[in-house]
Amino acid sequence: DVNDYLGLLAVDGTLVNVGAPAEAMPIRAFSLIPYRRSFAGSTIGSIAETQEMLDFCAERGLGAEIEVIAADGVNEAWERVVASDVRYRFVIDIATLA
């Protein structure tokens, strides 16, 4: 729930949703008002914003959780996505392309 994420922000913090959400995002006013929090949206971040986010993650040792799969495992990976059996991204090992 987006309100849970808003609750993690400091005073004057801003949560930016990048990309279009699949469903409507109900925002409770009191997730914003008492701490002067903001919620914003963008279809894509700029190069500068992307670099800032990468620097932020690098400074804190944050990285993506991935599962590397062989190219011939794409169909199985897709089935897992559809079944909601995945909590991270699949990365295809290009060396397995033949």
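Could you please find all residues in segment 58-84 being open to solvent by 90 Å² or more (accessible area, probe 1.4 Å) and touching a helix residue (DSSP H, G or I) at 6+ places or on another chain (Cβ under 9 Å)?
The answer is LEU62, ASP72.
Have a look at GLY73, GLY13 and point out the one that is within 18 Å of the chain's Cα centre (by Cα) and of a type outside the set (S, T, N, Q).
On the way: GLY73 fails: within 18 Å of the chain's Cα centre (by Cα).
Just one listed residue meets the conditions, GLY13.
Report, by residue number, each residue of segment 58-98 that is touching a strand residue (DSSP E or B) at 6+ places or on another chain (Cβ under 7 Å) and either among the hydroxyl-bearing types (Ser, Thr, Tyr) or farther than 23 Å from GLY19 by Cβ (or both).
VAL68, ILE69, ALA70, ALA71, TYR88, ASP93, THR96 - these are the residues of segment 58-98 that are touching a strand residue (DSSP E or B) at 6+ places or on another chain (Cβ under 7 Å) and either among the hydroxyl-bearing types (Ser, Thr, Tyr) or farther than 23 Å from GLY19 by Cβ (or both).
Give segment 27-57 a look and list any residue that's within 22 Å of VAL91 (Cβ to Cβ), touching a strand residue (DSSP E or B) at 6+ places or on another chain (Cβ under 9 Å) and open to solvent by 80 Å² or more (accessible area, probe 1.4 Å), or say none.
Listed by number, the list holds a single entry, ILE44.
Take the residues of segment 7-26 that are surrounded by 10 or more Cβ atoms within 10 Å (Cβ to Cβ) and of a type in the set (A, V, I, L, M, F, W, C): which is nearest to GLY45 (Cα to Cα)? Working first, answer last.
Quick first cut of segment 7-26, residues surrounded by 10 or more Cβ atoms within 10 Å (Cβ to Cβ) only: 7, 9, 13-19, 25.
If we keep only those that are of a type in the set (A, V, I, L, M, F, W, C) as well, we get 9, 15-16, 18, 25.
Working: LEU9: 20, LEU15: 13, VAL16: 10, VAL18: 7, MET25: 20 Å.
Selected residue: VAL18.
The values are calculated or read from the model by the stated rules, or taken from the named source; none is laboratory data. Every value quoted in this text rests on a predicted model; they were computed, and no experiment measured them. Glycine also receives a Cβ, built like all others from the backbone with ideal geometry; neighbour counts cover every protein chain displayed. Note: accessible area is taken over every heavy atom of the protein model, side chains too, but ligands, DNA and RNA are not part of it. Shrake-Rupley method; radii C 1.70, N 1.55, O 1.52, S 1.80 Å.
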